[in-house]
Amino acid sequence: MGADQSFAGRGLSPDALGPTITIGEILVEIMAVERGKGFLEPIGLTGPYASGAPAIFIDQCARAGGSAGIVACVGDDDFGRMNIERLARDGVDVSAIAIDRDYPTGSAFVRYRADGSRDFVFNIGKSAAARLSLTPQARALIARAGHIHIMGTAFAIPVVADMLEEAVGVIRSRGGSVSVDPNMRKELLQHGQTAERFARAIAGADLLLPSGNELFLAAGVEGDETAAVEALFSRGVSEIAMKRGERGASVFRADGSRFDCAGFAVTETDPTGAGDCFGGAYVACRRLGMAPDEALEYANAAGARNVTAQGPMEGAGTIAELDAFIASTRRRT
């Protein structure tokens, strides 16, 4: 994928062109019931919960009414079956989820500490989640897609990075669009071609969905939000939906318009997946024709609603459920 004019930001394609797709990991998450440090003694656990950032994103996208699909790989086990059944039930095209009979579905054990930080035990690298490839089913889904959503961390995995770059070329060639969640740690940018690929993805995006310092990392500008936004627009990005956690969210557009949405006052049960739900709702709503401020309202509600439920995507909501949440939940001042 080259950083040429064919990849300049043009706004999001309509949902009618084809589904929003994403490529990446599907996991199960198993959570400690009691807060504490690590997994060094027997403790109560709850789960398994369907998880994986791309899976959470695409599930919320489908729940919001957008056409949606995912390219992924799970094991031939109950964890894999649970994920496929959940995504299919919520309206996601699961035809490009491969089943690996030799490796288990990826997993993450999570325990919250008293201060809200988390300890993890992952099995991703030696699981089916790392066995992604462009199967005939994956190529067929990509060929009919109208939009692709990219997770920045995927560029640290060479096989996924290659798949994403090929998929972007195919989708762009049929008039599709690209969104990027630049959830990339600075340390990962030191690995191989990761920094170069990450920069190309940012320059080729129509929509960015950063949180906090991710805006500055994507822009290559430190500490000045206005300068970072302008730098990204100068590289071809046309829209930025900025997640601000409990403080709400903002949308900046290349035409100079800006929209802000206050945060919702909710009691947090599990923050995992909030940003992915925000992104899934925003992309779906924009591709379905909603104006930026209306899409921002739903995305903000989707992220807030998700943190009230136990499990990474258990709070993902339909438009009707998000309407009810907006009507019944007060805003932070």
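Residues checked against (1) closer than 24 Å to GLY279 by Cα; (2) among the aliphatic types (A, V, I, L, M):
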| position | (1), (2) |
| --- | --- |
| GLN60 | yes, no |
| ARG81 | no, no |
| VAL94 | yes, yes |
| ALA98 | no, yes |
Open item on the list: Among the residues that make up the range 112-123, is at least one of them surrounded by fewer than 23 Cβ atoms within 10 Å (Cβ to Cβ) and farther than 22 Å from THR272 by Cα?
Closed with: no
Open item on the list: Which pairs turn up if I take residues in the range 194-213 that are over 20 Å from LYS243 (Cα atoms) and look for partners that are modelled with pLDDT under 85 and open to solvent by less than 40 Å² (accessible area, probe 1.4 Å) with beta carbon separation below 7 Å, at least 6 apart in sequence or on another chain?
Closed with: THR194/PHE155; THR194/ALA156; THR194/LEU188; ALA195/LEU189; ARG197/PHE155; ARG197/ALA161; GLY204/PHE7
Open item on the list: Which condition from (1) modelled with pLDDT under 95; (2) surrounded by 17 or more Cβ atoms within 10 Å (Cβ to Cβ); (3) of a type outside the set (D, E, K, R) is the one that GLY256 breaks?
Closed with: (2)
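Yes/no per residue for (1) over 18 Å from ASP276 (Cα atoms); (2) in contact with a Leu (Cβ under 7 Å, 6 or more places away or on another chain); (3) without any contact (Cβ under 8 Å) to a residue 40 or more places away in the chain:
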site	(1), (2), (3)
TYR298	no, yes, no
ALA301	no, yes, yes
ALA304	no, no, no
MET313	no, no, no
ALA316	no, no, no
ALA320	yes, no, yes
SER328	yes, no, yes
Task: Cross-chain or 6+ apart pairs with Cβ under 7 Å, the range 216-243 first and at pLDDT 90 or above, then in a strand (DSSP E or B) and open to solvent by 30 Å² or more (accessible area, probe 1.4 Å) - done: SER238/ARG253; GLU239/ARG253; LYS243/SER211
Task: Complete set of residues in the range 131-172 that are at pLDDT below 90 and either out of contact with any helix residue (DSSP H, G or I) (no Cβ under 8 Å at 6 or more places or on another chain) or closer than 24 Å to GLU29 by Cβ (or both) - done: MET151, GLY152, THR153, ALA154, PHE155, ALA156, ILE157, PRO158, VAL159, VAL160, ASP162
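The values are calculated or read from the model by the stated rules, or taken from the named source; none is laboratory data. This one's a predicted model, so the numbers in the text were calculated from it and none came from an experiment. Note that we place each Cβ from the backbone using ideal geometry, even for glycine, and neighbour counts take in every protein chain shown. Surface accessibility is based on the protein's heavy atoms, side chains included, excluding ligands, DNA and RNA. Shrake-Rupley method; radii C 1.70, N 1.55, O 1.52, S 1.80 Å.
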